[in-house]
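> Here it is, the structure in full.
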Amino acid sequence: MTIEPGARTEAASSPRRPPSLHGTAVVDPRAQLGEGTVVGPYCVVGPDVVVGRDTVLVSHVVLSGPAVLGERCILHPFSIVGGPAQVRAGGAGTQGSVLLGDDVVVREGVTIHRGTDGRTTTVGSSTLLMAQSHVGHDARVGSSVVVANGVQLAGHAEVEDHVTFGGLSGVAQHVRVGESAFVAAGAMCEVDVPPFVIVQGDRARVRALNKVGLARRGFSDEDVRELERVYRRLFVRSGLTRREVLEALGEVASPYAKKLVDAVRTPRQMSGIPKK
């Protein structure tokens, strides 16, 4: 999706199938509703909101702008998109915005807060946010992410593509969760999570390679074997320092394994790796 906050979609400017609005819905005249959108009972759509074509607001949904929602999204009752950041009075700076990709599913009671200081909170396409989960201000959530019930993503958290969260897990501010990682139920992530691994516990630590996730993405046998080799070198304790482990790896053939190595080579703060 290429639309930006404040942009006007083709569907909004020349609708062929007009939006369907329930009689109890409240829609600001400055909102832009795309072709075929459905606004159900008791929904509230504020100004500076752009809703892509064929998106459905089931009922009791609140959209506050500036916010842009992509095409074919489904928002379930009591979800709130674009609410103000939860910060101390005066701490949000200039108003930010929210951007959702296409085919995003937002289940009951989900909250997605807009950015601060002119920044944008983003949720990528084909992402599922299950009931009562929260995406904090300025967070960046990738595409094809699964966020289970009650998961809390703090402000400025970064979640890369194809990550899966178990229920009631949490990510602290400014923490990054790497591509295709699996965050187990109840895990509390206070440092960066490497890509392609499983983390579990309070505090979350690396436990295994996420083989199920790799298989679901269709990784080749060669890529999985190389990731396994690199994973064992990096995360199975050997008494070596990080520098020694990296020197002992040798050539890394797979681009995915190289991404894992690069994440460990230049960590900010990362779970499960030698400290030096």
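The values are calculated or read from the model by the stated rules, or taken from the named source; none is laboratory data. This one's a predicted model, so the numbers in the text were calculated from it and none came from an experiment. Cβ: placed from backbone, ideal geometry, glycine included. Neighbour counts: every protein chain shown.
> Within the set of pairs 6 or more residues apart or between chains, which connect a residue that is more than 16 Å from V27 (Cα to Cα) inside the range 54-83 to a residue that is in a loop (DSSP other than H, G, I, E, B) and modelled with pLDDT under 95 with Cβ atoms less than 8 Å apart?
G70/M1; G70/I3; E71/M1
> In the range 254-276, how many residues are modelled with pLDDT of 90 or more, over 25 Å from the mean Cα position of the chain (by Cα) and surrounded by fewer than 18 Cβ atoms within 10 Å (Cβ to Cβ)?
0
> Do we have any residue at all in the range 96-117 that's on the phi < 0 side of the Ramachandran plot and free of Cβ contacts under 8 Å to residues at least 12 places away in the same chain? Spell out how you get there, then give the answer.
Start the filter on the range 96-117 by keeping residues that are on the phi < 0 side of the Ramachandran plot, which leaves 96-102, 104-108, 110-116.
Imposing the further condition that a residue be free of Cβ contacts under 8 Å to residues at least 12 places away in the same chain reduces the set to none.
No: the range 96-117 contains no residue that is on the phi < 0 side of the Ramachandran plot and free of Cβ contacts under 8 Å to residues at least 12 places away in the same chain.
> Does S125 satisfy the criteria of being of a type in the set (S, T, N, Q), on the phi < 0 side of the Ramachandran plot and in contact (Cβ under 8 Å) with a residue 12 or more places away in the chain?
Details: of a type in the set (S, T, N, Q): yes; on the phi < 0 side of the Ramachandran plot: yes; in contact (Cβ under 8 Å) with a residue 12 or more places away in the chain: yes.
Criteria met by S125.
> Considering only the range 71-82, I want to know if a residue exists there that is assigned by TED's automatic domain parsing to the domain that holds V49, of a type in the set (S, T, N, Q) and surrounded by fewer than 24 Cβ atoms within 10 Å (Cβ to Cβ). It would help to see each step written out before you state the result.
In the first step, residues of the range 71-82 are kept if they are assigned by TED's automatic domain parsing to the domain that holds V49; the result is 71-82.
Going one step further and asking which of them are of a type in the set (S, T, N, Q), we end up with 79.
Keeping just the survivors that are surrounded by fewer than 24 Cβ atoms within 10 Å (Cβ to Cβ) gives none.
No, the range 71-82 contains no residue that is assigned by TED's automatic domain parsing to the domain that holds V49, of a type in the set (S, T, N, Q) and surrounded by fewer than 24 Cβ atoms within 10 Å (Cβ to Cβ).
> Something else: Which of the residues that make up the range 225-246 are within 15 Å of A257 (Cα to Cα) and without any contact (Cβ under 8 Å) to a residue 12 or more places away in the chain? Step through it out loud before you land on a result.
Of the residues in the range 225-246, the ones within 15 Å of A257 (Cα to Cα) are 225-235, 245-246.
The answer is R225, R232.
> Quick one: which strands (runs of 3 or more DSSP E) sit completely within the range 27-91 and have at least 3 residues that are closer than 30 Å to Q173 by Cα and among the polar types (S, T, N, Q)? Quick ask: steps written out before the conclusion?
Numbers: elements: 49-51, 67-69, 80-83.
Hits in the range 27-91: none.
Condition check ((1) within 18 Å of M270 (Cα to Cα); (2) among the aliphatic types (A, V, I, L, M)) across all residues:
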position	(1), (2)
V135	no, yes
V145	no, yes
A154	yes, yes
E160	yes, no
L168	no, yes
Q173	yes, no
G178	yes, no
A184	yes, yes
P194	yes, no
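> So, of the residues in the range 92-102 that are in a strand (DSSP E or B) and not hydrophobic (A, V, I, L, M, F, W, C), which turns out to be surrounded by the most Cβ atoms within 10 Å (Cβ to Cβ)?
That would be S97.
> Kindly indicate which of A131, A187, A139 is within 26 Å of F235 (Cα to Cα), of a type in the set (G, A, S), at pLDDT 95 or above and not assigned by TED's automatic domain parsing to the domain that holds E228.
Working: A131 fails: within 26 Å of F235 (Cα to Cα); A139 fails: within 26 Å of F235 (Cα to Cα).
Just a single option satisfies the conditions, and that option is A187.
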